[in-house]
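Below is one structure, written out as structure tokens; the observations come after it.
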């Protein structure tokens, strides 16, 4: 019978989800992670954050999207000619299945999805195209297949036994029962609850500007609070807020989040080890 004392966490891989607003440094932190890295880029601006870093990548971006105005009322919409089918997700799905068969991902230590938000848009394009409604506004029955596809993709990559790194965006919402303001993932329906459960680390990224100097620092939140209750990490010993600002005059790999993970590994206890404060906390 296995005993929890023997578990280091390193054999299962890190499963990291970093949430934050645009410009908060989510994508850039991927370049600091130790080892060989591969990135799926669904955000057209993602490559600008990774340029100059040692990261293999593929961009899956819709070159054209329907621009035709489609009426919202059902009767008028049914008379409107359907826009061209969006097949990007289907092409990506076939490519991933081929890579899985050929063991393409075996050569990498880290796999990134950037971002879940734009990936979800690509999935919805496919859902609508399959129903002959490309370019139209999604209806209630369209969200369920989108959610199932996204959850299945995340589960597939989480089951590879590799280190995975996903990014996503947040929105501010008010809890209907308590009236509290919360930052929640920009995800459809129950995915807000189900997807975070598939990750071992859920971090919130933030860019902070010093009111006196005007200097910008990048911070990762590692512990939950009232605004970000989903935040958590299995790495013990970290302060609630860690400065992960990159010094661009030095090699990127091993700084920021990468430095935190390297310190955890050197502790000999993996994600369960006590981690020194390798970055300045706020």
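We did not get these values from a lab; they are worked out from the coordinates using the rules stated. The shown structure was predicted, so the numbers you read here are calculated from the model rather than taken from an experiment. Here the Cβ positions follow ideal geometry from the backbone for every residue, glycine too, while neighbour counts run over all protein chains shown.
Here the simple spin-label model places points 7 Å from the Cα toward Cβ, and for residue 59 and residue 102 these points are separated by 2.2 nm. Roughly how many Å is it from the Cα centre of the range 236-261 to that of the range 123-141, as a whole number? The distance from the Cα centre of the range 236-261 to that of the range 123-141 comes to 41 Å.
Neighbour counts of C-beta atoms inside 10 Å place 49, 152, 24 in the sequence 152, 49, 24, starting with the fewest. Taken along the Cα-to-beta-carbon direction at a fixed 7 Å, the label points for residue 186 and residue 247 span 3.4 nm. Ordering 209, 167 from the fewest to the most neighbouring beta carbons within 10 Å gives 209, 167.
Estimated at 0.36 nm per residue, the fully extended path between residue 172 and residue 160 surpasses their Cα-Cα distance by 1.0 nm. Label sites at residue 266 and residue 236, each approximated as a point 7 angstrom past Cα along Cα to Cβ, lie 2.0 nm apart.
Counting neighbouring Cβ atoms within 10 Å and putting the fewest first, the residues 108, 89 line up as 108, 89. Peptides 130-137, 28-35 ranked from most to least packed, by the mean per-residue count of other Cβ atoms within 10 Å: 28-35, 130-137. On the beta carbon distance between residue 209 and residue 1, with R0 = 51 Å, the FRET formula returns roughly 0.45.
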